[in-house]
Amino acid sequence: MSEEIEKQVAELEKQLKKLQKNQAKDQISIIAFSGDLDKMLAAMIIATGARAMDTEVKMFFTFWATAMLRDKKKCGTGKDFMSKMFGFMLPKGRNKAILSKMHMAGMGTAMLKRLMKKKNVASLDQLYEVAGIMGVKIMVCEMSMDLMGFKREEMIEYPDLDFCGVATFLANAKESAVQLFI
Amino acid sequence: MSEEIEKQVAELEKQLKKLQKNQAKDQISIIAFSGDLDKMLAAMIIATGARAMDTEVKMFFTFWATAMLRDKKKCGTGKDFMSKMFGFMLPKGRNKAILSKMHMAGMGTAMLKRLMKKKNVASLDQLYEVAGIMGVKIMVCEMSMDLMGFKREEMIEYPDLDFCGVATFLANAKESAVQLFI
Amino acid sequence: MSEEIEKQVAELEKQLKKLQKNQAKDQISIIAFSGDLDKMLAAMIIATGARAMDTEVKMFFTFWATAMLRDKKKCGTGKDFMSKMFGFMLPKGRNKAILSKMHMAGMGTAMLKRLMKKKNVASLDQLYEVAGIMGVKIMVCEMSMDLMGFKREEMIEYPDLDFCGVATFLANAKESAVQLFI
């Protein structure tokens, strides 16, 4: 009898380990897709807020959001004509981002920025700095970089910035307790 | 031998309890970010649909979506000039929401509203009422309220409405089986 | 003593089975809401990328995204006037989709499509074909179909396409490791 129980217990242990391995980690995966000021603010506030709770944060910057990561003082070389044109039309860095609503010739964006200052809400610049210090990991979509003609040397300095494909990101997202497409 | 097994079983029990505690609840967390009529409709249909399946629903209203919660008959007092301006430019309540596409001088929105009536699809007003009765919890982002200059007394009457920060919401989201940013 | 242990082990087995049953599957649920070219591209790239990792993918097409599934060569019959009008104003099929940003009289969309061709990024047409071959399941929101006045016979040929309500989708989403609202 005791031998049988031993077997059962061993089997339970095995199953339990498997469950533990597959359980979602205390980690948030954010797909930053939009280049709108408001959505980028939301993404960065969620990211830094989660780090303050000691939750791991991985952000995957793709499509319009990749333009947010360009350093306005840096330039990419060896671009073809189309890439140059496309890059020229996209906002260069996060300070050029505008709201998704209330365009009104830029007045909405200007008002919000003034309100944020007045109410002591962190700006995008400050949020990126805080995110870097707090250990928010930024992963940049290689396909978007290639498509939009951005070069790695154009990107901002950031403590934990990597370039990867959608597969790497999905592997991370599947392990996370929370996933958001912003 | 039997003593060793007892220890193993006790350890397994402990590990199992921990797994159970960390397992995602039958709960949906929705970040309602957008103030577009179409996205708000989607969020409310998902929320009420989930309640009909007895799933817990927590909605975190942030940024443009907070304007949806303003009662058109109420007024906030003691606002500064900028907040008054900003509040004036934002839609006052859910009936002022428009589609994210097909603006055409409001024609798209009017057509959709007529189509919804004709096809017996619940309006936003009805969806909010149903959500309240069914027990959808609404959490309003304090930072957005402050930023947009909205006062608590301006908000609609709703059975289960709270004000909180992003940390409270994230703690809820991490426990949920499903999270959506809408 | 041994009898007590047996009971404990049986109880543990029961609890473990329950945990295993409730654990999220290796499955991604995507709510395709937007009819923008860029967001649809992102959704399809994530979907096919996940299938390449052998993850189950279920896409729920709702609202504007349903218009993407219309076959431009097919016609629905028996529509009332409003549905005909609404259907006429919506893009007919995925090739009519435009970017959510950079409209510039269609120039942004045309440029992106040329860039995609040049950089060997799959077009929406190719992505749908690949998705079908790889086994991405498409579920179409019945309420959206009804609201927009689309008929089933208007939809594209696709290997695994079903029509369902929000409840069916939510049941799937709750089982999934990842959920995205795009």
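The values are calculated or read from the model by the stated rules, or taken from the named source; none is laboratory data. From a predicted model like this one, the values you see are computed outputs, not experimental measurements. Note that we place each Cβ from the backbone using ideal geometry, even for glycine, and neighbour counts take in every protein chain shown. These area figures cover heavy atoms from the full protein model, side chains too; ligands, DNA and RNA do not enter into them. Shrake-Rupley method; radii C 1.70, N 1.55, O 1.52, S 1.80 Å.
Got a sec? Which of C:Gly108, C:Gly87 is open to solvent by less than 20 Å² (accessible area, probe 1.4 Å) and under 23 Å from A:Ser83 (Cα atoms)? So that I can check it myself, show each step before the final result.
Details: C:Gly87 fails: under 23 Å from A:Ser83 (Cα atoms).
After ruling out the rest, the residue left standing is C:Gly108.
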Residues that are more than 10 Å from chain B (Cβ to nearest Cβ) and acidic (Asp, Glu), drawn from the stretch C:14-41: C:Asp26, C:Asp38
For A:Asp146: the one exception among (1) surrounded by 14 or more Cβ atoms within 10 Å (Cβ to Cβ); (2) within 23 Å of C:Gly108 (Cα to Cα); (3) in contact with a helix residue (DSSP H, G or I) (Cβ under 8 Å, 6 or more places away or on another chain): (3)
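Any residue in the stretch C:11-22 that is among the hydrophobic types (A, V, I, L, M, F, W, C) and closer than 30 Å to C:Leu90 by Cβ? Explain how you work it out, then say what you get.
Of the stretch C:11-22, the ones among the hydrophobic types (A, V, I, L, M, F, W, C) are C:12, C:16, C:19.
Filter once more, keeping what is closer than 30 Å to C:Leu90 by Cβ: none.
No, every residue in the stretch C:11-22 fails to be among the hydrophobic types (A, V, I, L, M, F, W, C) and closer than 30 Å to C:Leu90 by Cβ.
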Some residue of the stretch C:51-63 being buried (at least 19 other Cβ atoms within 10 Å of the Cβ) and of a type in the set (Ser, Thr, Tyr): yes
Condition broken by C:Ile133, with the remaining ones in (1) in contact with a helix residue (DSSP H, G or I) (Cβ under 8 Å, 6 or more places away or on another chain); (2) at pLDDT 90 or above satisfied: (1)
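Table: residues versus (1) touching a helix residue (DSSP H, G or I) at 6+ places or on another chain (Cβ under 8 Å); (2) part of a helix (DSSP H, G or I).
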position	(1), (2)
A:Gln27	yes, no
A:Ser34	yes, no
A:Met40	yes, yes
A:Ile46	yes, yes
A:Val57	yes, no
A:Thr66	yes, yes
A:Gly78	no, no
A:Met85	yes, yes
Failed criterion for B:Lys79 (all others in (1) more than 10 Å from chain A (Cβ to nearest Cβ); (2) at pLDDT 80 or above hold): (2)
Breaking point among (1) open to solvent by less than 40 Å² (accessible area, probe 1.4 Å); (2) within 14 Å of chain C (Cβ to nearest Cβ), for B:Lys113: (1)
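Could you check the stretch A:167-180 and list, in sequence order, the residues that are open to solvent by 10 Å² or more (accessible area, probe 1.4 Å) and touching a residue at least 60 places away in the same chain (Cβ under 8 Å)?
As a first pass, look at the stretch A:167-180 and keep what is open to solvent by 10 Å² or more (accessible area, probe 1.4 Å): A:167-168, A:171-172, A:174-175, A:177.
Passing the criteria: A:Asn172, A:Glu175, A:Ala177.
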Those helices (runs of 4 or more DSSP H) lying entirely in the stretch C:118-182 with at least 3 residues at the interface with chain B (Cβ under 10 Å from one of its Cβ atoms) and within 30 Å of A:Ala177 (Cα to Cα): C:166-175
